[in-house]
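Accompanying notes for the structure given below.
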């Protein structure tokens, strides 16, 4: 029974991740300018802040090279914003969302 519950939980996590990955991403028109793939940036964000990605976008924003992936990561009941430079793959931001998220 325990293995069955673990398998169901794992399948649910995979489905949730796949759903977030296939959801149209804000800023997708900027993808040709990125050197780091979305999949690599997602893995980098989850390495920096383990949890579940609930939203993602590619945006021009100050800091780093000026092009970043921005991920909302749900971790331990809180939402964190993790920014990954879309040209270098470096983590630019990893902090709890404030009262007025962007």
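The values are calculated or read from the model by the stated rules, or taken from the named source; none is laboratory data. Computed from a predicted structure; not experimentally measured. Cβ placement follows ideal geometry from the backbone for every residue including glycine, while neighbour counts extend to all protein chains displayed.
Can you report the number of residues in region 17-32 which are over 18 Å from residue 82 (Cα atoms) and either surrounded by 17 or more Cβ atoms within 10 Å (Cβ to Cβ) or modelled with pLDDT of 95 or more (or both)?
1
Looking only at residues that are farther than 13 Å from residue 66 by Cβ and out of contact with any strand residue (DSSP E or B) (no Cβ under 8 Å at 6 or more places or on another chain) in region 83-98, which one is modelled with the lowest pLDDT?
Result: 98.
Pick from region 80-102 the residues that are within 14 Å of residue 46 (Cβ to Cβ) and within 12 Å of the chain's Cα centre (by Cα): which of them is surrounded by the fewest Cβ atoms within 10 Å (Cβ to Cβ)?
It comes out as 94.
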